Amino acid sequence: MKNIQGKIALVTGASRGLGYQTAKLLAREGVHVIGLARTVGALENLSDEISDSGGSSTMVPIDLTSDIALETLSQEIFIRWGRLDYLIHAACIPAPMSPVSSINLEDLEKLFLSNTRALVKLIQITDPFLKQSDNGIAVFVDDLQHGKFLAAYSCSKSASREVVNSYQKESQRIGIKVETFVPRPMPTALRARFFPGERKSYLSQCSTEAQKLVSIIAS
């Protein structure tokens, strides 16, 4: 693993699961972590863990579906750091399992707002800062889950995947490095929505998958 000490990473979904573990691991390697999530208490816990391990962080309670909140974040990044070295986008919301004939359209709109539209806005505000880095890298966590009763969730993830694929191709010559990370199934709250009662012993730990994710930017 190369030395990434002193780098700055923006991590979404930092309040739990893969985002939480990735933020902790990056901070342990000397990266200043800007942690984003809705849940204030969980962000405070993350901040305490990072401080206890000798790392540094800035926690930002935020609703990623709010353009105003993201633009305010952009201004703060400009004022305080002027750049980002890494973007790790792990935030995602699930949806109630439902046959296509019964999908709640309000739920569907919420999924596209949170999983797809917010992704586009996040890219738009972070891309200029990643380009200020000597080696800017954006890693987007993907989920290939699909099948019956998962249409609402999987179509929002498919749309997000197309956004990332386009961004990756557009960035190949003059932009940043754009990567996709598909973790093994983990015992997260999101997965529990789709597979209630699943034996967790068959799943990979979030900390294990976080190590794989960090290796993408630190290899």
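Laboratory data are not the source of any read-out in this text; all were calculated from the coordinates shown. Keep in mind the model is a prediction, meaning the values are calculated, not measured. As a convention, Cβ positions derive from the backbone with ideal geometry for all residues, glycine included, and neighbour counts pool all protein chains shown.
Longest segment of the chain with no trypsin sites (Lys or Arg not before Pro) in a DSSP loop having at most 11 other Cβ atoms within 10 Å?
Here the longest run is 3-147.
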Normalised convex hull volume, the range 146-219, alpha-carbon set, Å³ per residue: 101
Whole-Å distance, taken between Cα centres, linking the range 135-206 and the range 1-47: 18
Candidates per chymotrypsin sites (Phe, Trp or Tyr not before Pro) in the range 42-131, loop by DSSP, up to 12 other Cβ within 10 Å: none
Label point distance in nm, F195-E71, each placed 7 Å from Cα along Cα→Cβ: 4.2
Fluctuation leader among L64, L108, L26 - the chain, Gaussian network, Cα springs under 10 angstrom: L108
Spin-label model distance (nm) - V163 vs S51, 7 Å beyond Cα toward Cβ: 3.3
Computed helical MRE - 222 nm, the chain, DSSP H runs ≥ 4 contributing -39500 (n - 2.57), nearest 500: -14000 deg cm²/dmol
Stokes-Einstein D in µm²/s, Kirkwood radius over Cα pairs - the range 6-45 at 4 °C with 1.567 mPa s viscosity: 132
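Once the mean 1/r over all distinct Cα pairs of the chain is inverted, what Kirkwood radius in angstroms do you read off? It would help to have the intermediate numbers written out before the result.
On the way: mean 1/r = 0.0565 Å⁻¹.
Taking every pair of different Cα atoms in the chain, averaging 1/r and inverting gives 17.7 Å.
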Cα Rg, Dmax, the range 12-112, angstrom units: 15.8, 52
